[in-house]
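The values are calculated or read from the model by the stated rules, or taken from the named source; none is laboratory data. Note that the coordinates shown come from a computational prediction; the quantities given were computed from them, not determined experimentally. With ideal geometry, Cβ positions are generated from the backbone for all residues, glycine too; neighbour counts draw on all protein chains shown. Accessible surface is based on the protein model in full, side chains and every heavy atom, while ligands, DNA and RNA are left aside. Shrake-Rupley method; radii C 1.70, N 1.55, O 1.52, S 1.80 Å.
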Amino acid sequence: MLLSAAMDTPNQLGEALLAEHRPVLFRYALLQLKDNELADDAVQETLLAAWQSSANFEGKAGLRTWLIGILKHKIADHWRRSAREVVTAEFDQIDNGEGEADEDAFFMSNGHWNGGPSTWNDPEAALKQQEFWAIYETCQNNLPPKMAKVFMLRELVGLEAEEVCRETGLSDANYWVTMHRARLRLRECLEIRWFNQSKTKKENNHA
Amino acid sequence: MRSCRDITALVSQGLDKKLSVSERLAIGLHVMMCSRCRNFQNQSQFIRKAAHRYTEQLQNRLDKKS
């Protein structure tokens, strides 16, 4: 009893609590480092650092936000060591409002679709095809940088909307607009490059 | 009657937070009649699924490389 009490006191952040956030941290690191081992190392170091300095955790911003803050430093350290400044943290490039005015092309001035979504044939099957993932990646990379960052933090890393806002300094209202546009763009890109393509392919095969 | 632009904005928000009953009702009524917004709804859910799988895909590809 005494022993466990003594072990609890210096570190109020238990291993289990920290480990809960491992998947999110790993995805965050993976998207930036593009290397499984490096990502794993960065997360490991982050959790260790967090555990050692858990006294510094104030709990204001939420544990995950704090952990991501540490992870960012670890990732920055990595780039510094490998002197590949060019690639520096895709996530941290803040751009100046590019791609702000293009969303309206999706809709006419009365708010009706301009063109708009057609029905996709068997999207589930696409997930099993290697070629689909190349197209998916192209479409994702074609998003304007800041939009891509917001989308990836939400859908790939798995942060909650308010965590994404905290990470990116986006207001609530801007967040909703950005995600709406990101989904419209991705949808259109996938439709043009994959779903309509495979339709024509099939028609050609039948001909 | 809300426009397709507004409805798709709500659909998108619905993926990231809980919508009110009246918002959900507005979406439901609209997509009953509007196939393009219905497609948007299905497709944005599909994109979410694909995005979740993407990191697994990336990991597998990176594993093979190394």
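Summary of values
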item	result
Where labels lie 7 Å past Cα in the beta-carbon direction, separation of B:K64 and A:E15 in nm	3.5
Helix-only mean residue ellipticity at 222 nm for chain B, each DSSP H run of n ≥ 4 adding -39500 (n - 2.57), per residue, nearest 500	-28500 deg cm²/dmol
Ordering of B:27-39, A:110-122 by burial proxy (mean other Cβ atoms within 10 Å per residue, highest first)	B:27-39, A:110-122
Gyration tensor (alpha-carbon) shape descriptor, the stretch B:1-47, a/c threshold 1.5	oblate
Accessible-area order (highest first, 1.4 angstrom probe) of the listed residues A:L33, A:L38	A:L38, A:L33
Label-point separation, A:L127 to B:K18 (7 Å along Cα→Cβ), nm	2.6
Estimated FRET transfer efficiency (A:S82, A:T119; beta-carbon r; R0 35 Å; 0.05)	0.15
Chain B, relative contact order in percent, only Cα pairs under 8 angstrom and at least six apart counted	32
Along principal axes, Cα extents of the stretch A:26-75, largest first, whole Å	31, 18, 13
Cβ-defined net charge surrounding B:Q43, 9 Å radius [Lys, Arg +1; Asp, Glu -1]	+1
